[in-house]
Amino acid sequence: MRNVRLFRALLGVDKRTVIEDIEFEEDDAGDGARVIARVRPRSAVLRRCGRCGRKASWYDRGAGLRQWRSLDWGTVEVFLEAEAPRVNCPTHGPTVVAVPWARHHAGHTYAFDDTVAWLAVACSKTAVCELMRIAWRTVGAIVARVWADTEKRIDRFANLRRIGIDEISYKRHHRYLTVVVDHDSGRLVWAAPGHDKATLGLFFDALGAERAAQITHVSADAADWIADVVTERCPDAIQCADPFHVVAWATEALDVERRRAWNDARAIARTEPKWGRGRPGKNAAPRPGRERARRLKGARYALWKNPEDLTERQSAKLAWIAKTDPRLYRAYLLKEGLRHVFSVKGEEGKQALDRWISWAQRCRIPVFRAGPHRLDRPRRFVGGGLLLVMPLAVATGSDGRPRQGYGGSHPGDVVGCCRTRSSRRALSWPGCRSHMP
């Protein structure tokens, strides 16, 4: 082989790799062609532990010849083939030897891994799988490996002052990730499977007490497991409730009141005389309870939606509720009053919140007087949120970033995709001259 530099560049390997031979294989049909490059590490990097990189004594031949997928040459798949013996590492025991062209436990070269990770950030997962001819689960494993290397070069906890904490569902059967974002940069800084105190405690363990003391604001949905850990680890931080979750409390209470009114109307309808088959006659007894239950069942969206977004039909239904059910309409006004608190913001908003809580305590609607869950939590957390509104849409991914890791077979793959997409400026593909914009 005369031009070793050319083949070294095509294979994406450096001078630590010796290229011994290159063969072109093609099946009888002519559609399964591939290139196999037989390589070996130079003597300077021989017999090193694949996990720690330390020199170690020879153990055995391992699985013999192995192949690593490299970047395609046009339409032809390329593989690197070499021996993969094991060494007896003093720390990790028998371990497959490290190779200079691929990561440990990887079936692909550095160039292949880095390209797939870059594409996973820039393209859809379908495009990555089709272009690179791999499965989506393989993409997740590759991204997790690349992120593990990228994480060593960056300090994701640097200059954390205002953070958001929330949980997102990433799989069926209530599989959740706890995510932490930096509100100043809008980037995901930490994620882990689970949504409890122990999971969130892992974040503060990684952050450290000194950096935790520098956090000034924490936005969350006021869940007990978040509030308790933040109070313990960041006692001086201002806890801010997210406007969406606060208004969601009132919306949930409003729907409970609507269902109560609907069930009352159904109870009345059961006492009314039944009509026979066919169209009711002119002298048929009226059934106001049944008609009221039907109209209340269809009033959900008229009560939930913002007044400025109502259709003419929904506005008419809301006016009918105001005339026929003052208690339900009062619950609707309470929901809108709490939403108005966040539109005011600042000190004026805090005063409006105090007035709203006083009104809710006197409204004679039990669901709005439900004690700590409805009143104490807003008073405890909303005050900080009114002075500095930090929406949790950043944490849950208003751009869909935390959910772009869906499809991974392991939560670590999903977390790796989330972190890699958030830290995309630290990624580069082989041959690129600048980081991703």
Fill in the blank from the handout: So, first residue in the same structural domain as residue 15 (by TED's automatic domain parsing) and surrounded by 16 or more Cβ atoms within 10 Å (Cβ to Cβ) in region 75-103, second residue β-branched (Val, Ile, Thr) and part of a loop (DSSP other than H, G, I, E, B), Cβ within less than 8 Å, six or more apart or across chains; the pairs are 80/13; 82/99; 84/99; 100/13; 101/13
Completion exercise
The lone condition residue 126 fails out of (1) among the polar types (S, T, N, Q); (2) closer than 30 Å to residue 211 by Cα; (3) surrounded by fewer than 22 Cβ atoms within 10 Å (Cβ to Cβ) is (2)
Exercise for the section: Looking only at region 164-212, count how many residues are under 14 Å from residue 225 (Cα atoms), aliphatic (A, V, I, L, M) and surrounded by fewer than 18 Cβ atoms within 10 Å (Cβ to Cβ). Expected result: 2
Problem - Selected residue [at pLDDT below 85 and in the same structural domain as residue 260 (by TED's automatic domain parsing)] from 333, 328, 353, 318 - result: 353
Handout entry: Residues within region 173-210 that are within 19 Å of residue 233 (Cα to Cα) and hydroxyl-bearing (Ser, Thr, Tyr), tallied
Key = 2
Exercise for the section: Report whether or not residue 148 is surrounded by fewer than 19 Cβ atoms within 10 Å (Cβ to Cβ), free of Cβ contacts under 8 Å to residues at least 24 places away in the same chain and assigned to a helix (DSSP H, G or I). Expected result: no
Problem - Failed item in (1) crowded, with 17+ Cβ neighbours inside 10 Å; (2) of a type in the set (Gly, Ala, Ser); (3) modelled with pLDDT of 80 or more, with residue 384 passing the rest - result: (3)
Fill in the blank from the handout: Of those in region 304-329 that are free of Cβ contacts under 8 Å to residues at least 12 places away in the same chain, part of a helix (DSSP H, G or I) and of a type in the set (D, E, K, R), the residue nearest to residue 256 (Cα to Cα) is 323
Practice task
Would you mind finding the one in 218, 230, 247 that is of a type outside the set (S, T, N, Q) and not in a helix (DSSP H, G or I)?
Solution key: 218
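The values are calculated or read from the model by the stated rules, or taken from the named source; none is laboratory data. If you're wondering where the values come from, they're calculated on a predicted model, not measured in any experiment. Quick reminder, even Gly has a Cβ in these numbers, built from the backbone with ideal geometry, and neighbours come from all protein chains shown.
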